[in-house]
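So the structure is just underneath, and the comments pick up after that.
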Amino acid sequence: MIRFLLTLFLFLIFSVVSAQEEEPEDATVNRQFWLDFNTRHSLDSLHELSGFVGYRSISPHLFNKYLVVPTYNIIHTKSPKFMNLEKPFISSFHLGAGLYYTDNKFEPDNFEFRLMQGLKFFLPSIDMIPLKNYIRLEERFQKAFDGSSWTTSFRFRYKISTVIEWKKHLFSFNEGLYIPINVEFFFNLKKADRFNDVIRISPGLGYKFNDDWKAEFYVSYHHSQNTTEDDDSTNDFVFRLRIYKKSIKKKHPVFNTKEEDLKELIE
């Protein structure tokens with residue numbers, strides 16, 4: 001399954017690159033191709049390291065982007081006594097950073113360093129459909145390689161995600177097809193010169209091979225705004241392949257096993 005998806009994805013990328021034009025084209029409506037490898041590793045029962053490395057391209061072929069995003073995760077296991085909850089409302093806290101290098105074909109290259117702080121929590125499941133929320137603050141520092149100075153921007157991100165079983169399982173969900181869906185909103189407190197996302201709508205198809213490996217393929221719609229004179233906004237249709245490898249030991253005992261297994265599918 002991973003080999004087939006990867007072959008198909010690379011074929012799409014190489015087809016676009018080989019057909020690129022020598023002159024820049026209008027990218028108001030474009031197609032993008034994203035590929036990333038994600039990993040998670042337990043430090044102990046309450047702390048994890050996670051992150052991903054990725055590659056992104058666009059048609060018309062205006063840039064290639066390379067990124068590395070590590071994250072430190074703090075698992076939350078207890079709720080305040082006054083809330084009297086069996087499970088904590090906030091499931092985890094996150095501290096991270098990101099390095100983004102954009103190799104532009106017709107403009108100076110761009111580098112971005114990003115800091116991020118966030119938290120995740122679940123809303124009550126509806127008919128065994130978990131609803132995960134991710135709230136994140138980002139500080140963005142960008143520099144174009146044209147002799148200009150660094151620029152600074154800030155934004156909030158809010159994402160709600162879920163997964164739907166491809167077919168019903170009586171008990172736990174150990175492997176098989178599932179449907180991941182997420183919608184993400186961006187609120188710019190101070191806009192950057194470029195890459196100011198507004199909304200991302202991302203339905204996909206996933207496959208869990210075992211407790212360590214899974215893969216997800218998304219066909220998404222993104223809307224972005226820029227503050228440059230040439231580019232006002234773009235409508236991006238993104239094909240994204242995500243491959244996951246983790247080394248996380250399940251905690252026992254596990255209550256509501258099937259629901260917890262579905263929750264584990266949501267990143």
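Each reported figure results from applying straightforward, stated rules to the coordinates on display, with no laboratory input. All of these numbers come straight from a predicted model, not from anything done at the bench. Please note: Cβ atoms are built from the backbone with ideal geometry, for glycine as well, and neighbour counts cover all protein chains shown.
A Cβ-based charge dipole, computed about the Cα centre of the range 52-264 with Lys and Arg at +1 and Asp and Glu at -1, lands at about 960 debye. Grab the beta carbon distance between ASP109 and LEU189, set R0 = 30 Å, and tell me the FRET efficiency rounded to 0.05. Given R0 = 30 Å and the Cβ-Cβ separation, E is 0.70.
Within the straight-line cut-off of under 22 Å between alpha carbons, the lysines reachable from LYS258 are LYS78, LYS87, LYS120, LYS132, LYS167, LYS168, LYS208, LYS214, LYS245, LYS246, LYS249, LYS250, sequence neighbours fewer than 8 places apart in one chain being disregarded.
Overall, the ratio between the Cα radius of gyration of the range 52-264 and 2.2 N^0.38 Å, rounded to two decimals, is 1.14. For the range 54-175, the square roots of the Cα gyration tensor eigenvalues, ordered a ≥ b ≥ c, give a/c of at least 1.5 with a/b no greater than b/c, which places it in the oblate category. Subtracting the Cα-Cα distance of LYS143 and ILE129 from their residue separation scaled by 0.36 nm leaves 0.8 nm.
Considering Cα pairs under 8 angstrom that are at least six residues apart, work out the relative contact order of the range 96-143 and quote it in whole percent.
35 percent
In this calculation the C-beta distance from VAL219 to VAL198 is compared with R0 = 25 Å, giving a FRET efficiency of 0.85. Based on the Cβ-Cβ distance of TRP150 and TYR72, what FRET efficiency does E = 1/(1 + (r/R0)^6) give at R0 = 35 Å, to the nearest 0.05? Approximately 0.90, to the nearest 0.05.
You can think of it this way: the chain between GLU165 and ASN210 has 14.7 nm of extra reach, that is 0.36 nm per residue less the Cα-Cα gap.
Peptide packing: for 38-46, 93-101, the average count of neighbouring Cβ atoms within 10 Å per residue gives the ranking 93-101, 38-46, highest mean first.
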